[in-house]
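Accompanying notes for the structure given below.
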Amino acid sequence: MQGSRKLVLAHFGAAFAMLAFAIPLGAWQMLVRSPLHRWVDPERYYIAVTAHGSTLAYIFPTLVAMGFGYAVCAVALGRPMRGMAMAWLSLWLVLGGAAMALLTVAGGKATVLYTFYPPLLASAWYYLGILCAVAGSWIWVWLMVWHFRQWKRDHAGLPVPLAMFATTAAALLWAWTSLGVGSEIVFLILPNAFGWTSSIDPGLARVLFSWTLHAIVYFWLMPAYIAFYVLLPQAAGGRLYSDRMGRIAFLQLLVFSMPIGLHHLFTDPQVGAGFKFLHAVFTGMVAVPTLLTIFTICASLEIAGRLRGGRGLFGWVAALPWQQPMVLASGLSLLMLGLGGAGGLINMSYAMNATVHNTQFVTAHFHLIFGGAVVIMYFAIAYELWPRLTGRALPSALMRLQLWSWFAGMLIVTLPWHVVGLMGQPRRMSYYDYTDPALAPQAIWVALSAVGGFVLVLSTLLLVGMLLASFRRGISVQPPLRFSLAIDPPRSLPASLNGFGVWVVLVAALTVTNYGFPIAQALAARGSAVAAFPTGG
Amino acid sequence: MTTGSRPPPRDRRFAVWIGSIAALLVAATAAGFVWLPAVQAGRDGPGLWDAICSAIGLPSRDARAAAVAGAEPPSNVAWTAATQQLLAGANPGRGAALAAASCNGCHGPAGVSDDAIFPNLAGQSRASIYKQLQDFKSGRRDPAVMGGYVAALSDRDLSDLAAHYAALPVPGTARGQGQAQQAPVDAATLRLVDHGDPMRGIAACAACHGPMGFTAAAPRLEGQQRAYLEVQLEALASGARHNDIGAQMRGIARQLTAREISGLAAYYAAAPAGETDSRSKSTRTK
């Protein structure tokens, strides 16, 4: 892997260590707020929720995206990565920031959940830790963009390989979207935490956080989509249906991911209804790259299936090599993406959202999409990379068992969770009195959901155990990592599909049109700031 | 292998895509800021310009100013520190002397009324009695009967009266106990008391009137006169009584059916006063 082997391995190792830490916390939360357990001290519950969310939202996916990005950079560009010291520094910043934030949480000084909506206020160390981790990831952004530009300069007129093109799109997306939460922390929260300001404007803080909150989901999603395009067709034994379609999808994700975040604030009073509608429309546009991807992937898989002898309308589906972890994970991921996407349409619809707003439906939705459809692809990516990074093969049957158990666990967790949300259970509560006749019908669903949490714990243990046990095996020769070839690989590409300059300007312009006024209005608002509410005694 | 040196032909995709996104932006803006507000403005709505301003997030200043100018506060009583100090320092003995002069005629010397249309006052919270007396005096609550009695009384007089009645032993333990144990309460009424009906915006009675929670000046209801409770809920529903701050009770009473009002009045009239949790399980029926 062009000398990046240790770097990528360190990222994936750290990422899965984080996962192994955070998943049991999630299962414990599901248990203690279910009727299967007595109530616990809410402070302990919120410590666990904050640790679970901060780890799995900020640290784990960032580490996977960074590690996979380095692997893509080395393999797709076919030359050793430069700036390795910077890359290691970036990893240490992310891990140091994570440690700083999580130790603050563990000390009970930051029970603010990973969204840390003001006026809730945690110890400054928590925010500094998150900021440190984000700053670390910016070094990765810079490295990706730098390598992209260098390669393009050295290969004038040639198409940048799709894998690197998509990774750079993800890096740019993250750079732009993390500015929202970054400015919220730097300009609003930290001055208050340090005692420099006496009050904080929750409306402005929420608008700034929404700038990050939805695009971050697409940043989490990017490695999964990249794997769909550049790893899956080859693992299935076929070719990518269209290289250009992939580029268009990634450009659309870059453009449409960010000017849509206000759909998280549909019931917030500080934003006008017109802007909420505007963001709802643009949120709808995000379905386009997703549908393009599903079309391209299905077409690529059909090519593979037919090459393998599949016949008839659906015979090619059965002919696919489902024993391949990448193929199996992609199939399971697409199923969860379909279910979760349908729920997402309800969340993003200005009117329908009101029926599920702030209920468990929302939590169930993002667990199904991120924890299910996306994270299962992280596993598949790890199964592709791990043997090449360590030189040690992984047991095929156990990999499939792990993927199936993750899929089953996630469905057992999230489907009843959606139902409970539709029954009106609010999210973010530490306990519910199921002896109350109004809540009693929810009890069975919550209990079921809690059982799924422990299936996910077992699946996580299986994953980590498998990766660790691989070191006891002998080193064997592993085929090098290769990315899928398109049926018709582009020999040259128009500027619009081979670079980001104009698109980044478009992203900035849409930020101004969709966010400019609400932010300016919140900045100009007088009398909307309140005293912060410190957590953790 | 490739023709890397030749510059690619002019790329029309930029224009097409940016044009499409700009068109989408214009269409969504037109729909979100003009068309939908126009539809929602309606015939009796806020008017088109105000609706557009509202969509942008700028409620029309003129409309708001007019609304504020025309609005009357529902009550002149505010729960400031001064009000609370006045109540805390009130003299029940002096209040008893004032009460003997006129109040006892209707509300009873022990604060328990003979006529179901007059409320029992014994054991009622100071804040609740004080607020109603002030509202009668200021006319925020219909002063037709009570206005004449309180017009000449000072703030101190009113607070002393409140302290006097609050100090009287709660009524009905002898009268109500037997009834309460026997009176069957239907599940729908109990549900309103304990849980309200969120789909109709009805908060649980017990959340403000106890025992789950007590908010400032929310009166104790257990052992109150049944007819009085019915009349007041109906008056709140019709808006004839409108001295509840933030229209809290009007909003709830409007949602209640006549049957529910009757059920709630019967429930609270029969509930034994004096116990914090008056709803013993034995009175519940399904």
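The numbered conditions (1) touching a strand residue (DSSP E or B) at 6+ places or on another chain (Cβ under 9 Å); (2) within 14 Å of chain B (Cβ to nearest Cβ); (3) of a type in the set (A, V, I, L, M, F, W, C) are all true for A:LEU204 except (1). Among all positions in the stretch A:325-335, there is at least one residue which is β-branched (Val, Ile, Thr) and within 15 Å of A:PHE379 (Cβ to Cβ).
Of all positions in the stretch A:292-303, at least one carries a residue that is farther than 20 Å from A:VAL356 by Cα, within 14 Å of chain B (Cβ to nearest Cβ) and either in a loop (DSSP other than H, G, I, E, B) or within 28 Å of the chain's Cα centre (by Cα) (or both).
For the stretch B:201-277, the helices (runs of 4 or more DSSP H) that sit wholly inside it and include 1 or more residues that are polar (S, T, N, Q) and under 28 Å from B:GLN85 (Cα atoms) are B:248-255. Please indicate, with yes or no, whether at least one residue in the stretch A:112-122 is touching a Cys at 6+ places or on another chain (Cβ under 6 Å) and either of a type in the set (Lys, Arg) or modelled with pLDDT under 95 (or both). Checking the stretch A:112-122: not a single residue is touching a Cys at 6+ places or on another chain (Cβ under 6 Å) and either of a type in the set (Lys, Arg) or modelled with pLDDT under 95 (or both).
Within the bounds of the stretch B:240-247, is there any residue that is modelled with pLDDT under 95, touching a helix residue (DSSP H, G or I) at 6+ places or on another chain (Cβ under 6 Å), surrounded by fewer than 20 Cβ atoms within 10 Å (Cβ to Cβ) and outside the structural domain of B:ARG140 (by TED's automatic domain parsing)? No, that holds for no residue. Taking the criterion of being assigned to a loop (DSSP other than H, G, I, E, B) and within 13 Å of chain B (Cβ to nearest Cβ), the residues of the stretch A:474-497 that qualify are A:PRO489, A:PRO490, A:ARG491, A:SER492, A:LEU493, A:PRO494.
When you look at B:GLY57, is it more than 12 Å from chain A (Cβ to nearest Cβ) and either under 22 Å from B:SER125 (Cβ atoms) or at pLDDT below 90 (or both), yes or no? It is false that B:GLY57 is more than 12 Å from chain A (Cβ to nearest Cβ) and either under 22 Å from B:SER125 (Cβ atoms) or at pLDDT below 90 (or both). In the stretch A:222-241, is there at least one residue being within 17 Å of the chain's Cα centre (by Cα), within 14 Å of chain B (Cβ to nearest Cβ) and among the aliphatic types (A, V, I, L, M)? Looking for residues that are within 17 Å of the chain's Cα centre (by Cα), within 14 Å of chain B (Cβ to nearest Cβ) and among the aliphatic types (A, V, I, L, M), one finds none in the stretch A:222-241, hence no. On the stretch given as the stretch A:88-110, residues that are in a helix (DSSP H, G or I), in contact (Cβ under 8 Å) with a residue 40 or more places away in the chain and either in contact with a Ser or Thr (Cβ under 6 Å, 6 or more places away or on another chain) or surrounded by 23 or more Cβ atoms within 10 Å (Cβ to Cβ) (or both) total 5.
Screening A:THR435 on (1) surrounded by 15 or more Cβ atoms within 10 Å (Cβ to Cβ); (2) within 14 Å of another protein chain (Cβ to nearest Cβ) shows it passes everything except condition (1). Being surrounded by fewer than 19 Cβ atoms within 10 Å (Cβ to Cβ), in contact with a Phe, Trp or Tyr (Cβ under 9 Å, 6 or more places away or on another chain) and closer than 28 Å to B:TYR165 by Cβ is a property that B:ALA204 lacks.
Could you please let me know if A:ALA249 is surrounded by fewer than 22 Cβ atoms within 10 Å (Cβ to Cβ) and either at the interface with chain B (Cβ under 10 Å from one of its Cβ atoms) or of a type in the set (Gly, Ala, Ser) (or both)? Spell out the reasoning first.
Details: surrounded by fewer than 22 Cβ atoms within 10 Å (Cβ to Cβ): no; either at the interface with chain B (Cβ under 10 Å from one of its Cβ atoms) or of a type in the set (Gly, Ala, Ser) (or both): yes.
So A:ALA249 fails the test.
Checking the condition surrounded by 15 or more Cβ atoms within 10 Å (Cβ to Cβ) and either more than 26 Å from the chain's Cα centre (by Cα) or within 14 Å of another protein chain (Cβ to nearest Cβ) (or both), which residue from A:PHE471, A:PHE500 passes? None of the other options fit; the residue is A:PHE500.
Can you go through A:ALA351, A:ALA342, A:ALA287 and tell me which one is hydrophobic (A, V, I, L, M, F, W, C), without any contact (Cβ under 8 Å) to a residue 60 or more places away in the chain, away from chain B (no Cβ under 14 Å) and surrounded by fewer than 19 Cβ atoms within 10 Å (Cβ to Cβ)? None of the others qualify; the one that does is A:ALA342.
Of all residues in the stretch A:157-186, those being touching a Pro at 6+ places or on another chain (Cβ under 9 Å) and not in a helix (DSSP H, G or I) number 2.
The values are calculated or read from the model by the stated rules, or taken from the named source; none is laboratory data. Treat the numbers as computed from the prediction; the structure is a model and nothing was measured. Glycine also receives a Cβ, built like all others from the backbone with ideal geometry; neighbour counts cover every protein chain displayed.
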